[in-house]
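Reading through the structure tokens given below for one structure.
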Amino acid sequence: MNLIPQRVRDAFGRTLDPLAQMLIRVHVRPNVITTLGTLVVVASATAFALGAVRWGGFLLLFSGVFDMVDGRVARQGSMVTTFGAFYDSTLDRVGESVLFGGIATYFLRGGVAANRLTPAVLACFVALAASLLVSYTRARAEGLGLTAKVGIAQRAERVLLLGAPTMFFGAGNHGVLFFWIVVILALATSVTVVQRVIYVARAAGEPAARRVPPLRRDTLPGHAPALQSRKGP
């Protein structure tokens, strides 16, 4: 189950096509867009850490535009490369790590009441670990010739769940709203990991003829095939 239907994702993506085409015409490389998007995520994490929660939410949502445009520029401009896919995936993980580090810093600097501090920081750790596992499970499945694009908290849902409420409402009274957003995000992302494991377990039991042949690789196991997809939730 996906909270954001694929047709909605596709429709929003099509609205970014004119921007992608403009960037292609002025010869902007996808890796430049990826780098800028990561810098915006770092700015979002910094804003969260300093207590500018609304700005943090806005910048996080804004980073999603870069997140979608770089892949469209790469595909529509025939600039898909092995390194580009690797670079994109790596910076996505860097961004998530910095983001939850910034949120944890906000909590540690007095963003929540003292009795909520420990569960708040723990929720950040769980959310980060689960977010990394969501990406890993898809990558490992694709390396085995399977797909795992399922789950209630894929990348787009995580960005929306964390960015939209904080942009409009801030952290809430004594950080209560922010605290519960992170708790819900940690739970939803953990559920997504379980959903993907169950999905792959079922798919692995199907006849081999119905599956995509496993891809040969020279990299460490668990990393998605470089040219199959530039973006991965």
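Derivation of every value follows stated rules applied to the coordinates shown; laboratory data play no part. Since the model is a prediction, treat every value here as computed from it, not as a measurement. Note: ideal-geometry Cβ built from the backbone for every residue, glycine included; neighbour counts use all protein chains shown.
Here are a few things to note about the model shown:
- Filtering Ala49, Ala148 for residues that are under 24 Å from Gly13 (Cα atoms) and in contact with a Phe, Trp or Tyr (Cβ under 7 Å, 6 or more places away or on another chain) leaves a single hit, Ala148.
- Residues located in the range 130-183, provided they are more than 19 Å from the chain's Cα centre (by Cα) and among the aromatic types (Phe, Trp, Tyr): Phe168, Phe169, Phe179, Trp180
- For the range 134-188, taking the residues that are β-branched (Val, Ile, Thr), touching a helix residue (DSSP H, G or I) at 6+ places or on another chain (Cβ under 6 Å) and assigned to a helix (DSSP H, G or I), the one that is nearest to Ile4 (Cα to Cα) is identified as Val159.
- Hits in the range 18-48 (condition: of a type in the set (D, E, K, R) and surrounded by 13 or more Cβ atoms within 10 Å (Cβ to Cβ)): Arg29
- Among the residues of the range 66-120, the one identified as buried (at least 18 other Cβ atoms within 10 Å of the Cβ), of a type in the set (Lys, Arg) and within 26 Å of Thr137 (Cα to Cα) is Arg72.
- Of the residues Leu99, Leu108, the single one that is touching a residue at least 12 places away in the same chain (Cβ under 8 Å) and closer than 21 Å to Asp67 by Cα is Leu99.
- Restricting the search to helices (runs of 4 or more DSSP H) fully inside the range 1-110 and requiring at least 3 residues that are in contact with a helix residue (DSSP H, G or I) (Cβ under 7 Å, 6 or more places away or on another chain) gives 17-25, 30-49, 53-76, 82-106.
- Residue check for Arg116: among the basic types (Lys, Arg), part of a helix (DSSP H, G or I) and out of contact with any helix residue (DSSP H, G or I) (no Cβ under 6 Å at 6 or more places or on another chain): no
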